[in-house]
1. Do you know which residues across segment 113-144 are over 13 Å from Leu60 (Cβ atoms) and buried (at least 24 other Cβ atoms within 10 Å of the Cβ)?
2. Considering only segment 95-111, I want to know if a residue exists there that is within 15 Å of the chain's Cα centre (by Cα), part of a loop (DSSP other than H, G, I, E, B) and in contact (Cβ under 8 Å) with a residue 60 or more places away in the chain.
3. Yes or no: segment 137-156 includes at least one residue that is in a helix (DSSP H, G or I), touching a residue at least 40 places away in the same chain (Cβ under 8 Å), of a type in the set (A, V, I, L, M) and in contact with a Ser or Thr (Cβ under 6 Å, 6 or more places away or on another chain).
4. Among Ala222, Ala193, Ala183, which is out of contact with any Phe, Trp or Tyr (no Cβ under 9 Å at 6 or more places or on another chain), at pLDDT below 80 and within 24 Å of Trp88 (Cα to Cα)?
5. Quickly run through segment 160-179 and pick out the residues that are surrounded by 14 or more Cβ atoms within 10 Å (Cβ to Cβ), within 15 Å of Phe144 (Cβ to Cβ) and at pLDDT 90 or above.
6. Note down all Cβ pairs under 8 Å where the first residue falls in segment 200-228 and is of a type outside the set (A, V, I, L, M, F, W, C), the second is part of a loop (DSSP other than H, G, I, E, B) and modelled with pLDDT of 55 or more, and they're at least six residues apart or on different chains.
7. Pick from segment 38-65 the residues that are hydroxyl-bearing (Ser, Thr, Tyr) and either in a loop (DSSP other than H, G, I, E, B) or at pLDDT 90 or above (or both): which of them is surrounded by the fewest Cβ atoms within 10 Å (Cβ to Cβ)?
8. Which residue pairs have Cβ atoms closer than 8 Å, lie 6 or more positions apart in sequence or on different chains, and pair a first residue in segment 26-37 that is modelled with pLDDT under 75 with a second residue that is in a helix (DSSP H, G or I) and surrounded by 12 or more Cβ atoms within 10 Å (Cβ to Cβ)?
Amino acid sequence: MTLSVLSGGRHSTDRRFSRLLKSTVTTFAEYLQMAPVTCLIAAAALLLQSLPDLQPAAELRFTELAASDLWRLVTCHLLHWSWDHFTWDVAVLLAAGTFCETRWPRRFLAVLATASVLIPAAVMISAPQLQSYRGLSGLDSALFALAAGSMLIEESRNGRRHSAVVAAVVVATQFLKIAAESAAGHTLFVQNAPFIPVPLAHLCGAVIGSLLSLAELQGPSALPDRKG
């Protein structure tokens, strides 16, 4: 009897684990289908952070940039200076990227394409003494601004004033955060950062995201999306 009870309990645990595993796989598959670009970027950043030997192939060094290496303007976003830096950047990417990719996929891709090139280029021109640039935080800022700006316009257009006010506060808060980081000379979230913060990258991303969110004002023909 005791063996039978133990066996039954083990089988019950195995079934629960099997259901949990199946549910997890299904949820992940649905998420991957819902936001494939966001997942791909996060996975690539994780791979490069886990395998430091691969990082030189993606690194952008201002003094060594040649015409044949312009693709490094894009790949440099996938590199991070520490696991703390990586964790904060990817967490924001997954949140803001998923929100934008599922709601405004065309604007999401437009922001990524524009910000990926313009942010490191702006840093390289304005602060060449830094020698290199790494991190997703600039793209995070662009996607966050796209989400907040688009929501502000949509909520205002649909007459939802309270939601529009909240979105406006979020927009203002992002720029206040960037101003605070510029004044303080360090990031507000990544602690003991082994790199020099570049608020210009966050500002550039926020401006790009905000400007492209204005596509909502142009109606459905400007940057049509599946949803929104």
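The values are calculated or read from the model by the stated rules, or taken from the named source; none is laboratory data. These numbers were taken from a predicted model, which means no experiment stands behind them. As a convention, Cβ positions derive from the backbone with ideal geometry for all residues, glycine included, and neighbour counts pool all protein chains shown.
1. Of everything in segment 113-144, those that are over 13 Å from Leu60 (Cβ atoms) and buried (at least 24 other Cβ atoms within 10 Å of the Cβ) turn out to be Ala115, Leu136, Ser137, Leu139, Asp140, Ser141, Ala142, Leu143, Phe144.
2. Within segment 95-111 (the criterion being within 15 Å of the chain's Cα centre (by Cα), part of a loop (DSSP other than H, G, I, E, B) and in contact (Cβ under 8 Å) with a residue 60 or more places away in the chain), the answer is yes, since at least one residue qualifies.
3. Yes.
4. Going through Ala222, Ala193, Ala183 in turn, the sole match is Ala183.
5. Val166, Ala167, Ala168, Val170, Val171, Gln174, Phe175
6. Qualifying pairs under 8 Å: Asp225/Trp104; Lys227/Trp104; Gly228/Trp104.
7. Ranking the candidates gives Ser50 first.
8. Close Cβ pairs (under 8 Å, with a partner that is in a helix (DSSP H, G or I) and surrounded by 12 or more Cβ atoms within 10 Å (Cβ to Cβ)) amount to Tyr31/Cys39; Tyr31/Thr98; Leu32/Cys39.
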